[in-house]
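The values are calculated or read from the model by the stated rules, or taken from the named source; none is laboratory data. Since the model is a prediction, treat every value here as computed from it, not as a measurement. With ideal geometry, Cβ positions are generated from the backbone for all residues, glycine too; neighbour counts draw on all protein chains shown.
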Amino acid sequence: MMRDSSLIERLDGRLAEVCSGSSVTILSHWGGDADSVGSAYVLSKLLRGRYGASSTGFRIPDSPTSHARAIMAKLGFEESEPEKTDLYIAVDVGSLEQLGEMRDKVLSSGVPILLMDHHLHHDDSSSSVIEYFVSDRYQAVSEMVFDLAERVGWRLDLSQSTALFLGLYYDTARLSVADGETARKICQLLSCGIVPNDVLAGLETVMEESERIARILSASRMKVYRMGDWVMAFSEVGAYQSSSSRALLGVGAHLALVGGQEGDIANISLRATGEFVTYTGLGMGDSLVKIVLSRFEGSGGGHRTVARLRCRGRLEEIYQHVIRHLSLRLGVQPVKLAE
């Protein structure tokens, strides 16, 4: 069963119109992850084999994470870009800011830009040049690609099934939030011959010492507030802000902001638990990003539970701005627990 058959039908029709004889570059969000890599891998096969693309490339803005690199190595998938791109397809991109270093190049290219995602998107000033294929009925873009392959009768081989399995596995927090439809698709993928313990072996990468130290420093420097039932942590490190914000959730925070200061520019990673986002209605990639950018000049974006910001201002001022707004939105006074 397709979750959104009208969306997949529209996507199929558009790809048939624009792909034949075209050189296509598929883009991930910055850093990449299992879902963006897995869906891009299978989509590249579909574009050449089913829709007649002359060539395909794949780019991860701002360099891939260690986990994305491990998954690409497992699939034998490498970054490349055609000499001339006739079509861009962005996968698992929650906002144009997630295209990082590629954003301006893509928007000024003058070629069609398609965006496939499973998160709701807020208004964007560049929306007129992008065709959106978005539905929050899906749990991962890998699931959208699964439905597209099923619609066109594309037979997934073992490597393609593995790619979509990894996308679904990791984007559902190792299946902990997978629903019945995702479970059905996982079972169908496994029937292609996937042995999960073999596929997952080696993908949990060993943490580098510098990342480990950054996480520890982040925890030692964090300021902790309670607002009602929610615990919020704010910290600063010079590198690995994304990894450090993830670590603060791991030690118990519901919301974590970890930033790094470069002169008058602040780079901030924002993360929250699914529980926090669901019960407060405050998503990272829309609500929290907008709260910061309502006062501080910059850009940012992301998904419901994770986002990134780059803006002009001091971290302490930005954090106090966020705390004040959260206090107003939640209707409770912040109580400082630790510094």
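A few remarks follow.
- Evaluating SER210 against the criteria (1) surrounded by fewer than 20 Cβ atoms within 10 Å (Cβ to Cβ); (2) under 17 Å from GLY94 (Cα atoms); (3) in contact (Cβ under 8 Å) with a residue 24 or more places away in the chain leaves one unmet condition, (2).
- Within the stretch 144-157, one or more residues are surrounded by fewer than 23 Cβ atoms within 10 Å (Cβ to Cβ), in a loop (DSSP other than H, G, I, E, B), charged (D, E, K, R) and more than 19 Å from the chain's Cα centre (by Cα).
- Of all positions in the stretch 231-252, at least one carries a residue that is closer than 30 Å to VAL292 by Cβ, touching a Pro at 6+ places or on another chain (Cβ under 9 Å), assigned by TED's automatic domain parsing to the domain that holds ARG295 and outside any loop (DSSP other than H, G, I, E, B).
- Any chance LEU168 is in contact with a helix residue (DSSP H, G or I) (Cβ under 6 Å, 6 or more places away or on another chain) and either within 20 Å of GLY302 (Cβ to Cβ) or in a helix (DSSP H, G or I) (or both): yes
- Remark: LEU158 falls outside the filter, which requires a residue to be touching a Pro at 6+ places or on another chain (Cβ under 7 Å) and at negative phi.
- Restricting attention to the stretch 8-32, the residues that are exposed (fewer than 13 other Cβ atoms within 10 Å of the Cβ) and of a type in the set (D, E, K, R) add up to 1.
- LEU75, sole failed condition from (1) surrounded by fewer than 24 Cβ atoms within 10 Å (Cβ to Cβ); (2) at pLDDT 95 or above; (3) under 25 Å from SER20 (Cβ atoms): (3)
- Taking the stretch 1-117 as the region of interest, the strands (runs of 3 or more DSSP E) fully inside it that hold 2 or more residues being in contact (Cβ under 8 Å) with a residue 12 or more places away in the chain and in contact with a Lys or Arg (Cβ under 8 Å, 6 or more places away or on another chain) are 23-27, 55-59.
- Number of residues in the stretch 58-80 that are touching a Leu at 6+ places or on another chain (Cβ under 7 Å) and within 17 Å of GLU97 (Cα to Cα) equals 2.
- Checking each residue in the stretch 168-193 for being on the phi < 0 side of the Ramachandran plot and surrounded by fewer than 17 Cβ atoms within 10 Å (Cβ to Cβ) picks out SER176, VAL177, ASP179, GLY180, GLU181, ALA183, ARG184, CYS187, GLN188, LEU190, SER191, CYS192.
- Residue in the stretch 318-331 that is farther than 25 Å from LEU96 by Cα and assigned to a loop (DSSP other than H, G, I, E, B) present: yes
- Members of the stretch 256-279 that are within 19 Å of VAL177 (Cα to Cα) and touching a helix residue (DSSP H, G or I) at 6+ places or on another chain (Cβ under 8 Å): ARG271, ALA272, THR273, VAL277
- Residue check, ARG103 at pLDDT below 95, farther than 26 Å from LEU156 by Cα and charged (D, E, K, R): yes
- Residues that are charged (D, E, K, R) and touching a residue at least 60 places away in the same chain (Cβ under 8 Å) were ranked within the stretch 317-339; the one that is farthest from ALA219 (Cα to Cα) is LYS336.
- Selection from the stretch 182-220 of residues that are over 21 Å from ASP157 (Cα atoms) and among the charged types (D, E, K, R): GLU204, GLU208, GLU209, GLU211, ARG212, ARG215
- Hey, SER5 in contact with a helix residue (DSSP H, G or I) (Cβ under 9 Å, 6 or more places away or on another chain), surrounded by fewer than 19 Cβ atoms within 10 Å (Cβ to Cβ), more than 23 Å from ASP136 (Cα to Cα) and among the hydroxyl-bearing types (Ser, Thr, Tyr) or not: no
- Residue among ALA266, ALA307 that alone is in a strand (DSSP E or B) and touching a Ser or Thr at 6+ places or on another chain (Cβ under 9 Å): ALA307
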